[in-house]
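**Student:** To start, I am sharing the structure in question, which I have written as structure tokens.
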Amino acid sequence: MVALAGMALALSACSNSGLTLARQACGYVKTSIHLYTAAEHDQDPARAAAQRTRAIEALETALPLAAQADAADGQWNPLMTTLQEIGRNSEANLVAALKMQCAQAAKTNEQAPAYSNVPGNTVPGQPTPSTLPGQ
């Protein structure tokens, strides 16, 4: 039972690629930008303040996901670094960079390693008929 739980945890970790995590972070970034923009145009100061607070909270939620994305794939370091500026810079100063970084996450495709596209080639370490037990 413990082994099964450990295996499930390991498999779930494998499914969280850097790109997947960056896209999850960018979902919160998109929400934050929407809230921030709405706050900028809202005539009610109390409602605008609440929207700005929710916008910051969305960025704070995105940060750990961006950090995990960076740990899985260093190309997401700029996204994480920009999100780390929350509280040190106004969101107005971060929006352009965040939009650009999240646009990159949206258009990036996960690709299998080049060697797996070669016909007849196998991933190193995969069992072949000649290496299977009893063969």
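**Student:** For residues in the stretch 18-31 being among the small types (Gly, Ala, Ser) and within 8 Å of the chain's Cα centre (by Cα), which is surrounded by the fewest Cβ atoms within 10 Å (Cβ to Cβ)? Talk me through it step by step, then tell me what you get.
**Tutor:** From the stretch 18-31, those among the small types (Gly, Ala, Ser) are 18, 22, 25, 27; that's our starting set.
With within 8 Å of the chain's Cα centre (by Cα) added as a condition, the list becomes 18, 22, 25.
On the way: Gly18: 22, Ala22: 29, Ala25: 29.
Per the stated criteria, the residue is Gly18.
**Student:** In the list Cys14, Cys26, which residue meets the criterion of being at pLDDT below 95 and in a helix (DSSP H, G or I)? Working first, answer last.
**Tutor:** Values: Cys26 fails: at pLDDT below 95.
The unique qualifying residue is Cys14.
**Student:** If you check Leu65, Leu4, Leu79, which single one turns out to be in contact with an Asp or Glu (Cβ under 9 Å, 6 or more places away or on another chain) and either farther than 16 Å from Ala105 by Cα or at pLDDT 95 or above (or both)?
**Tutor:** Values: Leu65 fails: in contact with an Asp or Glu (Cβ under 9 Å, 6 or more places away or on another chain); Leu4 fails: in contact with an Asp or Glu (Cβ under 9 Å, 6 or more places away or on another chain).
Exactly one residue qualifies, and that residue is Leu79.
**Student:** Something else about it: Return the residues of the stretch 85-98 that are surrounded by 14 or more Cβ atoms within 10 Å (Cβ to Cβ) and either small (Gly, Ala, Ser) or under 14 Å from Ala22 (Cα atoms) (or both); say none if nothing qualifies.
**Tutor:** Passing the criteria: Ala97, Leu98.
The values are calculated or read from the model by the stated rules, or taken from the named source; none is laboratory data. If you're wondering where the values come from, they're calculated on a predicted model, not measured in any experiment. When we count neighbours, we look across all protein chains shown, and the Cβ atoms used for this are built from the backbone with ideal geometry, even at glycine.
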